[in-house]
1. Taking the conditions exactly as written (open to solvent by 10 Å² or more (accessible area, probe 1.4 Å), in contact with a strand residue (DSSP E or B) (Cβ under 6 Å, 6 or more places away or on another chain) and more than 15 Å from THR177 (Cβ to Cβ)), does THR73 satisfy them or not?
2. Condition (residue is in a helix (DSSP H, G or I), hydrophobic (A, V, I, L, M, F, W, C) and farther than 30 Å from ASP184 by Cβ) applied to the stretch 102-117: is it met by at least one residue?
3. From the list ARG97, ARG93, exactly one residue is basic (Lys, Arg) and in contact (Cβ under 8 Å) with a residue 60 or more places away in the chain. Which is it?
4. It is to be established whether one or more residues within the stretch 151-159 are farther than 24 Å from GLY80 by Cα, surrounded by fewer than 19 Cβ atoms within 10 Å (Cβ to Cβ) and not aromatic (Phe, Trp, Tyr).
5. In the stretch 122-143, what count of residues is obtained for those that are out of contact with any Leu (no Cβ under 7 Å at 6 or more places or on another chain) and assigned to a loop (DSSP other than H, G, I, E, B)?
6. Would you be able to tell me the number of residues in the stretch 51-68 that are open to solvent by less than 60 Å² (accessible area, probe 1.4 Å) and either more than 19 Å from MET146 (Cβ to Cβ) or free of Cβ contacts under 8 Å to residues at least 12 places away in the same chain (or both)?
7. Does VAL188 count as open to solvent by less than 10 Å² (accessible area, probe 1.4 Å) and farther than 20 Å from LEU69 by Cα?
8. Got a sec? Which of GLU20, GLU56 is within 20 Å of GLU137 (Cβ to Cβ) and at pLDDT below 95?
Amino acid sequence: MHTPSKIVCVGRNYVAHALEMGNDVPKEPMFFLKPPSSIIRDGDAIVLHPISTHIEFEGEIALVIGKRLTKATEEEAIAGIAGVVALNDVTARDLQRSDSQWSRAKGMDTFCPIGPENPLPADLSGITLITRVNGVECQRATAADMVFPIPMVISFISQFMTLEPGDIVATGTPAGTKALHPGDVVEVELVGLSIVSNPVVAGT
């Protein structure tokens, strides 16, 4: 997989996660960016930056864009997806709450583990996400649980910013996010499609 020009992430796209964070469900997709410099791969370490005292995992279903999309319809959006990957939107939760925007909380080095890419399945709504920490299941959801479905999300984002081949769109995390600690191993799996597993270490 080539380095994307951008990683576009959708926030609060599962009702239960929005509620557990004390937020309302948005009326339309809300999105933010993670820098490509935050990407790591399977087996690489997530580094807990010492500026934060509460860093959490967020397992997500993510899509790899296959062709340029500008103001795409939902049909064009689906046709423009090259594949699917497991993604962990690692988040410094305390900084997310204190900063006026989320770039620092979401964009630190090692804060975007991404698994291998596989072709998009015929049944998008059936994609199943499972996140485990030290082998214990913490999150489980399917794409059918999303507030805004995958075709709508891709189309919506493309109304405002062109999606280029290789770009990644992360579609939000379900309920069950928890803090990570040095020595943990966090694993995000899209069942039968993609998996990314990363040890967690303390930063200096």
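The values are calculated or read from the model by the stated rules, or taken from the named source; none is laboratory data. What you see is a predicted model, and the numbers here were worked out from it, not measured in a lab. Here the Cβ is made from the backbone with ideal geometry for all residues, glycine too, and neighbour counts use every protein chain on show. Please note that ligands, DNA and RNA were not included when accessible areas were found on the heavy atoms of the full protein model with its side chains. Shrake-Rupley method; radii C 1.70, N 1.55, O 1.52, S 1.80 Å.
1. no
2. No: zero hits.
3. The unique qualifying residue is ARG93.
4. No: the stretch 151-159 contains no residue that is farther than 24 Å from GLY80 by Cα, surrounded by fewer than 19 Cβ atoms within 10 Å (Cβ to Cβ) and not aromatic (Phe, Trp, Tyr).
5. Residues meeting the conditions: 4.
6. 4
7. Spelling it out, VAL188 is indeed open to solvent by less than 10 Å² (accessible area, probe 1.4 Å) and farther than 20 Å from LEU69 by Cα.
8. Just a single option satisfies the conditions, and that option is GLU20.
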